[in-house]
Structure formats: C-alpha cells, structure tokens
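The structure appears below as structure tokens.
All of the numbers you see were taken from the coordinates with simple rules; none came from a lab. Here the structure is a predicted model, which means the values were calculated and not measured. Positions of Cβ are backbone-derived with ideal geometry, glycine not excepted, and every protein chain shown enters the neighbour counts.
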There are 4 protein chains.
Amino acid sequence: MMTKEQLIEAITLYFNENIPFNKLVGILVEEVSVEQVVLRFPMKPELIGNTFMGILHGGVTSTVLDVAGGLVAMINAIDRVFQSDPAMIQEKMRKIGTIDLRVDYLRPGYGEEFFASATVIRHGKKIAVTRMELRNEKNEQIALGTATYLVG
Amino acid sequence: MMTKEQLIEAITLYFNENIPFNKLVGILVEEVSVEQVVLRFPMKPELIGNTFMGILHGGVTSTVLDVAGGLVAMINAIDRVFQSDPAMIQEKMRKIGTIDLRVDYLRPGYGEEFFASATVIRHGKKIAVTRMELRNEKNEQIALGTATYLVG
Amino acid sequence: MMTKEQLIEAITLYFNENIPFNKLVGILVEEVSVEQVVLRFPMKPELIGNTFMGILHGGVTSTVLDVAGGLVAMINAIDRVFQSDPAMIQEKMRKIGTIDLRVDYLRPGYGEEFFASATVIRHGKKIAVTRMELRNEKNEQIALGTATYLVG
Amino acid sequence: MMTKEQLIEAITLYFNENIPFNKLVGILVEEVSVEQVVLRFPMKPELIGNTFMGILHGGVTSTVLDVAGGLVAMINAIDRVFQSDPAMIQEKMRKIGTIDLRVDYLRPGYGEEFFASATVIRHGKKIAVTRMELRNEKNEQIALGTATYLVG
C-alpha cells in the first residue's frame, strides 16, 4: 500500500502530466502539503489577455487560483480518509468539485513567472473553503481568491 | 470615421483574432450588442479538467465567463462615449479591467459545444457589473457568474 | 403527523416570530414555496445607513437576502426528506447554515417598503445555491445576491 | 480647519452615534487608522439568528463586516484628498458606497463579544477593495469577508 508521501507524489504527477488544460496553461506543482499548495507557471505569449499592455489574461489567473485551491482542498480531504482503503481515496479525487470561486484582481498581471499559493480556511466532511494568492517573480501580489469545494 | 456597427465589428475581430488566450481556448464571438454578448467554443481534448469524467476544466468556465462579461461591459462603456473621438474609445478598451469575478458551478461541464452569454446589471461611468451564464449545446446550464469591471 | 402545508406554515411562523434579529429588522414572510420565497419589510428610521441620503443600510440588504436564500434552501431540503420522520426535519432546520454570500448593490436603497425574493439554482443532498433579489415598492431593483448553504 | 486626527475623531463619532442601523446592532468603533479599522459589539438577545443553537444571525456578521470595510475604505479615500478643502471630504463621505460584498462563514457565531477588523487590499482613485474578519472574545475566527467600494 502507498504511504502518504507516495500518494501526494502520485497526485502531483497527475496534476502536472494528466490534466490537459493544466498542461495547456503550463501549470507545475511546486509544493504540496496539508498546510499549503504552491503552483508556478512561466509567462508565455499564449497566456496574454491584453495585447495593449502585454499582461496575463484574467482567465489564466482564475484558472490557476482554482487549481491551487482545488488541490489543497483535495489533499486535506485525502488526509482525512487516508486510514481507509485507496479505493475511497480515488473516489474522493473523482468527486471533488468547485462549488464557487471569487477572484479579486489587484494589479495588472505583469511578470515572467507566476506563483499561486493556496491554504484551507474551513475544512469539513462535506465542504472545504480555501484562500488563494497569485504573485509574480518580483513577489508582487497580482490577485487574491476564495473558493468553496465539495469534498465529501 | 467608423460607424458604431463598424466599431463593434472591429472589436469582435480583435477578440476573435488578437487575444492570444482567447485563441488558445477557442473562444468565438457569436453575438454582440449593448443588450447581450454571446460567445461560443467547441469542446476539445485540451480543455478537459477532470479526466475521470471527461468534463470541462473549471478554469475554462471562469475564463469564458470573464471574457463575456468584459466584452459586454466594454461595449456598453464604448456606447456611452461614442459621440466623442475614437482616441477615447481606444483608451476605454485599453483600460477596462476586471475588479472581481464570482463563478457558481452548477453542473459538470459535459458537452460538445458551449455558449456563454452576458448582460449588464449595473452600468455607471466608473464601474459596470455583469451577469453571465454558460450553457452546453443541449441548453443545460453549466455555470453562472457575476463580475465587476472598471470602465472609466 | 403534519402535512407539508402545516409544516410550511409552522416554519413561516417560526421565521416571523421566533428569530430575534428578523424581528428587530421587521422581516415578514410573504410567500413560501419550493419554487420561491418572498419576504417583505417596511422602511423605518432604525434601518437607515446613510443619513445624508436617507437610504437603507447595506447590512439590512445583506441580512434580508441571506434570510430569503436560507429559507428557500431550507424549504427545498425539507421537501426532500418530507417522507421521513419529523425528527429529521427538525435536524435539518437546526443544521442549515450559510457557507458564503455575495451581494451586488445596484441602486441606492430608497423606498417605503422592500421585497426580497429567492430561488434555488443548485440543489444537492449536501449543498444548495440560491439567487436573491431586493426590490422596493416601485419595483426598482436595489440589490442582487447569490449564496451557498450547507443543507445536509 | 480640522487636523487629520480631529477628522478621524469626527468620523468615528458619526459612525458610533449617527448611523441608525449601527446603533440598533450596537456597533462601536474601537480603532481607526489608514492601516486598519476595528469595530466591536457585545452579544445581545436581539442579534440571535439560530435559536436552537443561540448563535449570531448571519445578517449581523455581514452587516458588521460591511461597516468595517466601508470605514477603512472611507478613511483611505479621505486620507488621499486631505490636502483639499473639507467640502470635498464631506462629498467623499456622502458618496462612498458598497459595490459588492462576499462573506465566508467559517464557524458558528458563538461568543459574548465580537471584533471586526478590516484592511485595504486595493486602493485606487475610483474603487477600493477591502478584506475583513470577525472574531469573538476567545479570538476564534467566525467569518471572513471581501468587499469592493466606490470611493471616487
């Protein structure tokens, strides 16, 4: 049977390699724990939204914040049921879904590389609420987010 | 000088052809007026988020709703200043930005083609608030959204 | 045993008479069904927020929208378990809670009487999502809301 | 002419004594600066929402978070125009308004006294975005909020 570390590694690999839209955007999982998830992605021309100003498309921001929040919610849900059999864990992963998402856009998305972090602010058997943040390589805060996930 | 119809046509072309991330997702402007904007895009493998279930990535949903809301907010802002010179219109287009976005995910994103519509629910000189909806080709409601834009 | 009609009447009475903050604001249940809840309340000096302009406090708006959304979510949750025993229904009422609420303030809250309506836009065993609207006696739209409730 | 300190004192007095709904709820301004606003209010029977559990009405929570966010947004807007004449400051106070509010309810509102704090996360000439938090006397986090205000 997998250890918790192996399971987290497998989920990281799945997020990096097997989710098509994550690959299209170029999202990479940088750090995963029950406390915090950090994703990163480099700027590339396809991610631009405002060609007058050369900044990140708002949809990239909302995508990455949702992925970060969903991953930290999933890791926490899995951590809860880890004592149980792996089948239940896969069931968790299959069923987790975003209920709602709010994004606050604070600064224009200038940057060469971006980092999205997420933490859980409410965690129950049925729902999890997370907060997320997007920063660029200069550590400037681009956007904040809050999301609610169905986890059970 | 451009007529209002020519201007709307130019903006539609810009959204379809010149915004890189819109092209990456495959968003096409279907209908544009002061009253309503409708976008559409076909499902394709790169847009999948949940490979267990073969459904649309939540980030595609939030992206398309934000684009629809932003476009109807922009059309309304331009409509207001249309009497003024074209330079001001370009200024409007350059500066419009999402302040915040909320997405409510109602059903799994199954479908072969998707349609996002947006209308303005509050329109002032400085900010606009819009409501958006995503449906599939069977007219099933996938998600609803609300967003606030800086328009002046 | 109570019929469904008697149960709805009992809940209406409870909302009107037994929730202290509802009484303080002056909220009255006007209409209750699975499809829609309508509340109403008269303007009174204590509800004013902006004394320069004599308009409703934004907190009154958010309160009434949350009460309307919570009531329609509760009625739908109860409708689901009505075949079961009354003890479970009381359990439902006890445990229902707001997860998150968004209010969009569209117009200043001028008016002599206000009406808040709510409908369910997503209804599952665990969570319900509702949309709400506040209008005055001239049928002017003051605010819109969206809320997520834990119902199971 | 008023100093900035006198102006803040006058605004505090206005919020404590002259806003009818603030008085009805029992909100008191505890701390006011450009960096942070803190409000407090004691529990009282009229503020209860769930009589089964004796907890704070969700509408009280949303009210207090909106008041805290609005006050810190106002203080920041006034700070910007302080060099100008007092007439403009009163104009600011008159016109400030909530565009939208999101509240995340994290824990049941048990407590004898509550504290709402607010800080500005985005501050422009036209809009301000704030984040708010409600805690009880045991420092337990009851709710978080985010709001957008029109300030210019």
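If the condition is being at the interface with chain B (Cβ under 9 Å from one of its Cβ atoms), touching a Ser or Thr at 6+ places or on another chain (Cβ under 8 Å) and of a type in the set (A, V, I, L, M, F, W, C), then segment A:28-64 contributes only A:60.
Residue count for segment A:80-89 satisfying the condition of being without any contact (Cβ under 8 Å) to a residue 40 or more places away in the chain, part of a loop (DSSP other than H, G, I, E, B) and of a type outside the set (D, E, K, R): 2.
Restricting attention to segment D:111-143, the residues that are touching a Lys or Arg at 6+ places or on another chain (Cβ under 6 Å), closer than 19 Å to residue D:33 by Cα and not β-branched (Val, Ile, Thr) add up to 1. Considering (1) charged (D, E, K, R); (2) buried (at least 19 other Cβ atoms within 10 Å of the Cβ); (3) in contact with a Lys or Arg (Cβ under 8 Å, 6 or more places away or on another chain), say which one residue B:80 fails and leave the rest. Here residue B:80 clears every test but (2). Out of segment D:121-152, which residues are within 17 Å of residue D:57 (Cα to Cα) and part of a strand (DSSP E or B)? Listed by number, the residues that qualify are D:133, D:134, D:135, D:136, D:141, D:142, D:143, D:144, D:145. Once segment A:126-146 is narrowed to residues that are more than 8 Å from every other protein chain (Cβ to nearest Cβ) and among the β-branched types (Val, Ile, Thr), the residue that is surrounded by the fewest Cβ atoms within 10 Å (Cβ to Cβ) is A:142. Against the criterion of being assigned to a helix (DSSP H, G or I), more than 16 Å from residue D:63 (Cβ to Cβ) and within 14 Å of the chain's Cα centre (by Cα), residue C:63 does not qualify. Within segment C:90-115, the set of residues being farther than 14 Å from residue C:72 by Cβ and in a helix (DSSP H, G or I) comprises C:90, C:91, C:94, C:95.
Taken across segment D:28-42, residues that are of a type in the set (A, V, I, L, M), out of contact with any helix residue (DSSP H, G or I) (no Cβ under 7 Å at 6 or more places or on another chain), over 25 Å from residue C:65 (Cβ atoms) and in contact (Cβ under 8 Å) with a residue 24 or more places away in the chain do occur, with at least one present. For segment D:40-49, the criterion of being closer than 25 Å to residue C:52 by Cβ, among the hydrophobic types (A, V, I, L, M, F, W, C) and within 17 Å of the chain's Cα centre (by Cα) is met by at least one residue.
The condition (being among the hydroxyl-bearing types (Ser, Thr, Tyr), buried (at least 19 other Cβ atoms within 10 Å of the Cβ) and free of Cβ contacts under 8 Å to residues at least 60 places away in the same chain) is satisfied by just one residue among A:63, A:51: A:63.
Going by the structure shown, is residue A:13 hydrophobic (A, V, I, L, M, F, W, C), surrounded by fewer than 18 Cβ atoms within 10 Å (Cβ to Cβ) and either in contact with a His (Cβ under 8 Å, 6 or more places away or on another chain) or away from chain B (no Cβ under 12 Å) (or both)? Judged against the criteria, residue A:13 is a match. Of all residues in segment C:83-121, count the ones that are under 24 Å from residue B:142 (Cβ atoms) and surrounded by fewer than 19 Cβ atoms within 10 Å (Cβ to Cβ). Of the residues in segment C:83-121, 2 are under 24 Å from residue B:142 (Cβ atoms) and surrounded by fewer than 19 Cβ atoms within 10 Å (Cβ to Cβ). The residues listed here are A:91, A:137; of these, the one that is closer than 30 Å to residue B:18 by Cα, among the acidic types (Asp, Glu) and over 14 Å from the mean Cα position of the chain (by Cα) is A:137. Filtering segment A:68-101 to residues that are within 14 Å of chain B (Cβ to nearest Cβ) and farther than 22 Å from residue A:35 by Cβ leaves A:87, A:90, A:91, A:94, A:95, A:97, A:99, A:100.
Could you identify the single residue in B:68, B:77, B:118 that is outside any helix (DSSP H, G or I) and touching a residue at least 40 places away in the same chain (Cβ under 8 Å)?
Within the list B:68, B:77, B:118, the selection yields B:118.
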